[in-house]
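Trainee: Can you keep this structure in mind? I'll have questions shortly.
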Ligand code: PAF
């Protein structure tokens, strides 16, 4: 497995790679969620590339860029064991050299939920993902449904900018108690870790109600909020939203179109996000 630090070398290597080429973009601190992406990408493609880059431009000034877990050596071992051909792990100045001044500003799909709670977040995500696509020119790129709005944003920029890459979404990987796997889970104290599955229980409450025939978004949200409120370690709830699963537009009632129920909540100081799709 080759580990590459520069855009020029990565571009050259990917251009010479066998096709199809699969790309798994990550910020490292890999867990089973990421490995489910690399496993699928390995099975689907002749060549497999992954990137590890904690992208500074998708973090707000008061967010956890500094404390985001970084475990490069371990990540490289895991990726090698998955049969990854090449890992792109550039320093920030390689992606954002002096004078860098072009940004991708996604529209309405990025306005609510994470976009509202984290201004500028999706501008950073969209820009770095477009750059990674430009550098590697993959045939397929793999993302986890856990970041449901991120996937919708990436699909939208891929369509709108005619980026020649097939976006593959893989299901959320959960711990046995339902907690969605996330690099940020490493920052939970043991007590907070015990409380954290409340987020998925809240989503399941909304989903169960939907299964009984309830279609009113307000009532589905209320069911989820009631579960979150029952857990004292939930410090705050950024949102409980019911949105169209493609456009991320809020809906008043779930129709025949797939809808997504999404939650962002803080357990202690750790911000957790998760979602379920009602289909
Ligand atoms: O989901 C992530 O890890 C990041 O947002 C991504 C897609 C790698 C862009 O930095």
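The values are calculated or read from the model by the stated rules, or taken from the named source; none is laboratory data. None of the values given here were measured: they were computed from a predicted structure. Here Cβ is always computed from backbone atoms with ideal geometry, including for glycine, and neighbour counts include all displayed protein chains.
Trainee: Those residues that are more than 10 Å from the ligand (Cβ to nearest atom) and either surrounded by fewer than 19 Cβ atoms within 10 Å (Cβ to Cβ) or in contact (Cβ under 8 Å) with a residue 60 or more places away in the chain (or both), I need them from the range 143-159; list them, please.
Mentor: 145, 148, 149, 152, 155, 159, listed by residue number.
Trainee: Further question: Return yes or no: is residue 172 within 13 Å of the ligand (Cβ to nearest atom) and either exposed (fewer than 14 other Cβ atoms within 10 Å of the Cβ) or more than 27 Å from residue 266 (Cα to Cα) (or both)?
Mentor: Criteria not met by residue 172.
Trainee: May I ask you to list the residues in the range 102-119 that are surrounded by fewer than 17 Cβ atoms within 10 Å (Cβ to Cβ) and assigned to a loop (DSSP other than H, G, I, E, B)?
Mentor: 102, 103, 105, 107, 111, 119
Trainee: Next up: Give me the residue from the range 63-77 that is away from the ligand (no atom under 15 Å from the Cβ) and closer than 24 Å to residue 140 by Cα and, out of that set, surrounded by the most Cβ atoms within 10 Å (Cβ to Cβ).
Mentor: Result: 76.
Trainee: Does residue 14 count as surrounded by 18 or more Cβ atoms within 10 Å (Cβ to Cβ), modelled with pLDDT of 95 or more and under 18 Å from residue 168 (Cβ atoms)?
Mentor: Here the answer is yes, as residue 14 does meet what is asked.
Trainee: Looking only at the range 130-141, decide whether some residue is surrounded by fewer than 17 Cβ atoms within 10 Å (Cβ to Cβ), more than 15 Å from the ligand (Cβ to nearest atom), over 17 Å from the mean Cα position of the chain (by Cα) and without any contact (Cβ under 8 Å) to a residue 12 or more places away in the chain.
Mentor: Scanning the range 130-141 turns up no residue that is surrounded by fewer than 17 Cβ atoms within 10 Å (Cβ to Cβ), more than 15 Å from the ligand (Cβ to nearest atom), over 17 Å from the mean Cα position of the chain (by Cα) and without any contact (Cβ under 8 Å) to a residue 12 or more places away in the chain.
Trainee: Taking the range 175-196 as the search range and keeping residues that are out of contact with any strand residue (DSSP E or B) (no Cβ under 8 Å at 6 or more places or on another chain) and not in a loop (DSSP other than H, G, I, E, B), which one is surrounded by the fewest Cβ atoms within 10 Å (Cβ to Cβ)?
Mentor: Per the criteria, the residue is 190.
Trainee: Moving on to the next point. Being without any contact (Cβ under 8 Å) to a residue 24 or more places away in the chain and either under 30 Å from residue 159 (Cα atoms) or out of contact with any strand residue (DSSP E or B) (no Cβ under 6 Å at 6 or more places or on another chain) (or both): is that true of residue 208 here?
Mentor: So residue 208 passes the test.
Trainee: Separate question: Please go through the range 211-228 and give me each residue that is out of contact with any strand residue (DSSP E or B) (no Cβ under 7 Å at 6 or more places or on another chain) and not in a helix (DSSP H, G or I), ordered by number.
Mentor: 212, 213, 214, listed by residue number.
Trainee: For residue 199, which of the numbered conditions (1) touching a strand residue (DSSP E or B) at 6+ places or on another chain (Cβ under 7 Å); (2) part of a helix (DSSP H, G or I); (3) within 16 Å of the ligand (Cβ to nearest atom) fails to hold?
Mentor: (3)
Trainee: So residue 163 fits all but one of (1) part of a loop (DSSP other than H, G, I, E, B); (2) more than 12 Å from the chain's Cα centre (by Cα); (3) more than 22 Å from residue 95 (Cβ to Cβ); (4) within 15 Å of the ligand (Cβ to nearest atom); what number is the exception?
Mentor: (3)
Residues are listed down the side, and each one gets a yes or a no for (1) more than 21 Å from residue 172 (Cβ to Cβ); (2) crowded, with 18+ Cβ neighbours inside 10 Å; (3) modelled with pLDDT under 95:
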| site | (1), (2), (3) |
| --- | --- |
| 215 | yes, no, no |
| 219 | yes, no, no |
| 223 | no, yes, no |
| 240 | no, yes, no |
| 253 | yes, no, no |
| 262 | no, yes, no |
| 277 | no, no, no |
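Trainee: Look through 99, 60 and report the one residue that is surrounded by fewer than 19 Cβ atoms within 10 Å (Cβ to Cβ), within 16 Å of the ligand (Cβ to nearest atom) and outside any helix (DSSP H, G or I).
Mentor: 60
Trainee: Counting only residues that are part of a strand (DSSP E or B) and either away from the ligand (no atom under 14 Å from the Cβ) or modelled with pLDDT under 95 (or both), how many does the range 24-57 have?
Mentor: Summing the residues that are part of a strand (DSSP E or B) and either away from the ligand (no atom under 14 Å from the Cβ) or modelled with pLDDT under 95 (or both) in the range 24-57 gives 2.
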